[in-house]
């Protein structure tokens, strides 16, 4: 029931933020903050009480489950479940939600109530995605989170927002339809085999089907998730959406929405069709390596700082795709840690870009340059997250990428070695943007006289993100421990299914 | 006492943290106290721990301290652990002692700089990372220090970031070394996958138990580690970043790009020596790369006019000697040369720094001249450093260490006359290029006014390093000089293998000594004839077309940069530039354009004109009937 409460908190919180917005902008902001804090408290409670992995291991990694019939006629339940993987992604989402509210404090001045309503409801949808264990319910949440996100981009975005919002919607909605087809196909195959119509995740695990049917159904899921992740060549919606979205939108897109794609691969695309997924692994891993390298190279070529950061997401998430198809516990752990690290560091970078745009009224790097002496705090923090993003050991991204590479290396030396080249690509784009924005002589195109550095509100948020980045970098064990039963369970499911079929 | 080891790297790290967090509060004096003091404390502690280690050696000659498990997933459990043995003791002492004096010097050298605090923050972070690198007991933790020093190197090269050129240099250093680091990282993946551990001690035991000598996996591992070492230590073909690294403040060049960080590659090979001994072809490659590097950079140093670039090429060349020593299995000789080099090269850079500051940022030796009398402190320290670098016999430290390497190359079964000849030629070049700078910059006519002169803190640093550059060599004296001293190599034998060199008959040894002595003196004499007592014939020869071409070729570092730009950098930038709009988006945009076009075409049919609809209906009917009738 606690999971339902989590959703209710967000749904009600969103409505309350909308209502409060008609009264005062700040009230709406505080209501949203309160909502996320309550959510975080619930998450933290679950984390602390289940930090002891042994007790969870007996339940196959599930911490809490909830199930009531919804549309019994079609075998659809309202079924939620939470394991370490869901919990970590939920914590990340709520934290970034909190960050988004704070970062929009001065940026969003119009329709503040409706803005926060959309923000909170996007996250409510995302939380649903991370918890749904009924495939139909999963699809419902999957689509539900898109609509408020669409509004966030289309209403509060930058100059080219309509194009970006439509592109975002068409890509994700279109690929979502493929998934729906695949879900129905899977349920139908299961019905033909067993005579019961159900969308229950656990019932559908290990459904017997022909190799061809499995391949096609798997592909439906894969495409939906690969678009969301995004993997090259399905990534082109992302730079536009990120660039045109308001800062909060970019933070949520990069930090949370992309992770739903990765989550889908973890939870559905591989465990439901282990054999098909393993046959598909070479293709997926090729796409992953291409994403890592191509995303990084294209990022390097951008002149719009926000677009650059957007492309780096393609590169970072490639390590997750790699990890999923390496499919051993080490790689899976690494993949989740990449997600966490990427959520924090890229979120921080989007905040930084947003703050820069608010102050300099541009995202074009050719117009910036030499801002270090004028914005020393922003420069220092920018440098910190730039080097975190390029995978410096001791900071969060390295831990995830290393484990993902180690796991992949066991599965395939070639893919892991090629992916390791991402280290070079990352250092190139990071150092270049750092120089073009903060170093060099001060440009003449920006009025530097009145620039204000980070204030207490922004500095505090950044400090929290810096601390988390270092913490994951030097002692990620609490996260690894809570993930372990879930990922080990997942791995066993895959093995068991493949054994019973093989 | 030993259990306080973790404090040695932690103290500079605390210095860094303090400086960063309190940057708004600290005065310049307080900054210097924190910045220099943290390294000073670390140095004092290191000395205490080292003497403790020497007086009461721990069991097995090594002390291990595990602080915590970094992360653990199944059997993958790298730890934040320290391992203290003879090798790390020597490295730690050099880093803290030389590091402390360079910090002390910097407190004065950087006094006028706007970003005084930022400088000390980066320097402290560097010392902390470098100490992690040499003290780490786990290869992954070592990699943390390894990347950390790379970052600090970048930050400090690009320290004066208002000048974009400095940023380009910093970036180049980071990117080129990162290329090598990919090799290192893949080596980590391979080692863990094959040997199941990243603890250095454990993995070396497993390797010698599991891998036969010369097995492909051993060779692959050694090659990958070597890639990392080549990048960090600026050896051919990844040497191109070091001359550009001179864009940083001079104390940075002294500490990072001469005394400590650039020798990390040598340290890595020495640290994982077992893996290299299992791969003899790679060990041979190390020796050959060493010789190539020392020759190429020796020639390049001859054609430089920027005093710091001369020293930079010289550093590359001297590390080449260390690699050569490693390659022929003279492990202790490599460490010995590292030790003496740290002192004399830091000394050379610091005295060059005094000159540069006194002449108001003048780097060109041809515009110096006559500084012998006007900057005596700088002259004497530069001369001592040069003498040590040129291996002036008997009285300098550089003589003993270089001599040991050259002798080992001759008499080691892994070496031979060819490598030996290269090393001797390199020694000759060294004498010529360094005394070229001495004669041009410090003798002859004065050409620039002298401004600021060094004061107490700089003088202390110069004096201490000068003494070091002279006396450190007495740790290791060849047998033929009255009995011989082998303090260092005997101490290092606790950790490193015994030298592969066989003892030679006394007369061969005498002959070898004579060659090195003569070579060193001959080089200095040639420099004297060419650059101080210029002969008209020499002038004429030097100004011919061919000579100029050769000088340009040498000066450009044998054209490596030119090739890399055309083959790697240029195409990469070109692709990124032309693909800015992302070619993959073309497909989707075309799709969108086609649907829009179809929409436009179909919309044309919706005219609202009843006659048109009837006509189309009729035409459709005719076509339908025609199809039915005709088939």
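The values are calculated or read from the model by the stated rules, or taken from the named source; none is laboratory data. Since the model is a prediction, treat every value here as computed from it, not as a measurement. Every residue, glycine as well, gets a Cβ built from its backbone with ideal geometry; the counts of neighbours run over all protein chains shown.
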Check: Is it the case that residue B:429 is touching a residue at least 24 places away in the same chain (Cβ under 8 Å), touching a strand residue (DSSP E or B) at 6+ places or on another chain (Cβ under 9 Å), buried (at least 16 other Cβ atoms within 10 Å of the Cβ) and assigned to a helix (DSSP H, G or I)?
Finding: no
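What residue, among those in segment B:200-218 that are buried (at least 18 other Cβ atoms within 10 Å of the Cβ) and touching a residue at least 60 places away in the same chain (Cβ under 8 Å), is farthest from residue B:141 (Cα to Cα)?
Step by step, filter segment B:200-218, then rank; the result is B:211.
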Item checked: Failed item in (1) within 14 Å of chain A (Cβ to nearest Cβ); (2) touching a helix residue (DSSP H, G or I) at 6+ places or on another chain (Cβ under 7 Å); (3) over 18 Å from residue B:245 (Cα atoms), with residue B:148 passing the rest -> (3)
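Residue-by-condition table, conditions (1) surrounded by fewer than 24 Cβ atoms within 10 Å (Cβ to Cβ); (2) without any contact (Cβ under 8 Å) to a residue 60 or more places away in the chain; (3) not in a helix (DSSP H, G or I):
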residue: B:338; (1), (2), (3): no, no, no
residue: B:356; (1), (2), (3): yes, no, no
residue: B:369; (1), (2), (3): yes, no, yes
residue: B:395; (1), (2), (3): yes, no, yes
residue: B:420; (1), (2), (3): yes, yes, no
residue: B:423; (1), (2), (3): no, no, no
Next item on the list: Would you confirm whether any residue within segment A:281-292 is within 14 Å of another protein chain (Cβ to nearest Cβ) and farther than 30 Å from residue A:212 by Cβ?
Entry: yes
Notebook entry, point to check: Restricting attention to segment B:32-69, which residues are surrounded by 16 or more Cβ atoms within 10 Å (Cβ to Cβ) and closer than 30 Å to residue A:330 by Cα?
Noted result: B:64, B:65
Item checked: Test: residue A:283 is without any contact (Cβ under 8 Å) to a residue 24 or more places away in the chain and either part of a helix (DSSP H, G or I) or surrounded by 23 or more Cβ atoms within 10 Å (Cβ to Cβ) (or both) -> yes
Next item on the list: Would you mind stating whether residue B:351 is crowded, with 24+ Cβ neighbours inside 10 Å and closer than 18 Å to residue B:253 by Cβ?
Entry: yes
Checklist line | Conditions (1) exposed (fewer than 12 other Cβ atoms within 10 Å of the Cβ); (2) at pLDDT below 90: number failed by residue B:626 | finding: (2)
Notebook entry, point to check: Taking the stated definitions as given, is residue B:22 under 20 Å from residue B:251 (Cβ atoms) and within 14 Å of chain A (Cβ to nearest Cβ)?
Noted result: no
Next item on the list: Give the residues of segment A:316-331 that are more than 18 Å from residue A:222 (Cα to Cα) and either out of contact with any helix residue (DSSP H, G or I) (no Cβ under 6 Å at 6 or more places or on another chain) or more than 12 Å from every other protein chain (Cβ to nearest Cβ) (or both), sorted by residue number.
Entry: A:316
Notebook entry, point to check: For residue B:552, are the conditions met, namely being touching a residue at least 40 places away in the same chain (Cβ under 8 Å), loosely packed, with under 12 Cβ neighbours inside 10 Å and either under 25 Å from residue B:437 (Cβ atoms) or within 14 Å of chain A (Cβ to nearest Cβ) (or both)?
Noted result: yes
Margin query: Going through A:137, A:127, A:87 one at a time, which residue ends up being crowded, with 24+ Cβ neighbours inside 10 Å and either part of a helix (DSSP H, G or I) or in contact with a strand residue (DSSP E or B) (Cβ under 9 Å, 6 or more places away or on another chain) (or both)?
Written below: A:127
Margin query: With the structure loaded, tell me whether residue B:174 is over 19 Å from residue B:225 (Cβ atoms), within 8 Å of chain A (Cβ to nearest Cβ) and in a helix (DSSP H, G or I) or whether it fails that test.
Written below: yes
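Within segment B:371-393, which residues are under 13 Å from residue B:345 (Cα atoms) and part of a helix (DSSP H, G or I)?
B:381, B:382, B:383, B:384, B:385, B:386, B:387, B:388, B:389
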Margin query: Please go through segment A:397-421 and give me each residue that is in contact (Cβ under 8 Å) with a residue 40 or more places away in the chain and more than 9 Å from chain B (Cβ to nearest Cβ), ordered by number.
Written below: A:397, A:400, A:401, A:404, A:411, A:412, A:415, A:418, A:419
Checklist line | Selection count, segment B:70-123, where residues are closer than 30 Å to residue A:328 by Cβ and either within 14 Å of chain A (Cβ to nearest Cβ) or surrounded by fewer than 21 Cβ atoms within 10 Å (Cβ to Cβ) (or both) | finding: 12
Check: Do we have residue A:370 as within 19 Å of the chain's Cα centre (by Cα) and either over 30 Å from residue B:194 (Cα atoms) or within 11 Å of chain B (Cβ to nearest Cβ) (or both) here?
Finding: no
Margin query: Being in contact with a helix residue (DSSP H, G or I) (Cβ under 7 Å, 6 or more places away or on another chain), away from chain A (no Cβ under 14 Å), buried (at least 16 other Cβ atoms within 10 Å of the Cβ) and more than 28 Å from residue B:241 (Cβ to Cβ): is that true of residue B:496 here?
Written below: yes
Item checked: Criterion violated by residue B:541 - all others in (1) touching a helix residue (DSSP H, G or I) at 6+ places or on another chain (Cβ under 7 Å); (2) part of a helix (DSSP H, G or I); (3) at pLDDT 85 or above satisfied -> (3)
Notebook entry, point to check: Considering only residues of segment B:190-199 that are part of a helix (DSSP H, G or I) and buried (at least 22 other Cβ atoms within 10 Å of the Cβ), which is farthest from the other protein chains (Cβ to nearest Cβ)?
Noted result: B:191
Check: Quick one: is residue A:473 farther than 21 Å from residue B:175 by Cα, in contact with a helix residue (DSSP H, G or I) (Cβ under 6 Å, 6 or more places away or on another chain), in contact (Cβ under 8 Å) with a residue 60 or more places away in the chain and part of a helix (DSSP H, G or I)?
Finding: yes
Next item on the list: Output the number of residues of segment A:209-228 satisfying the condition of being within 21 Å of residue A:74 (Cβ to Cβ) and over 27 Å from the mean Cα position of the chain (by Cα).
Entry: 2
Check: Do you know which residues across segment A:439-454 are within 36 Å of the chain's Cα centre (by Cα), within 13 Å of chain B (Cβ to nearest Cβ) and over 13 Å from residue A:375 (Cα atoms)?
Finding: A:440, A:443
Check: What single numbered condition from (1) surrounded by fewer than 18 Cβ atoms within 10 Å (Cβ to Cβ); (2) within 12 Å of chain B (Cβ to nearest Cβ) fails to hold for residue A:464?
Finding: (2)
Next item on the list: Go through segment A:143-162 and count every residue that is farther than 17 Å from residue A:261 by Cα, part of a helix (DSSP H, G or I) and in contact (Cβ under 8 Å) with a residue 40 or more places away in the chain.
Entry: 5
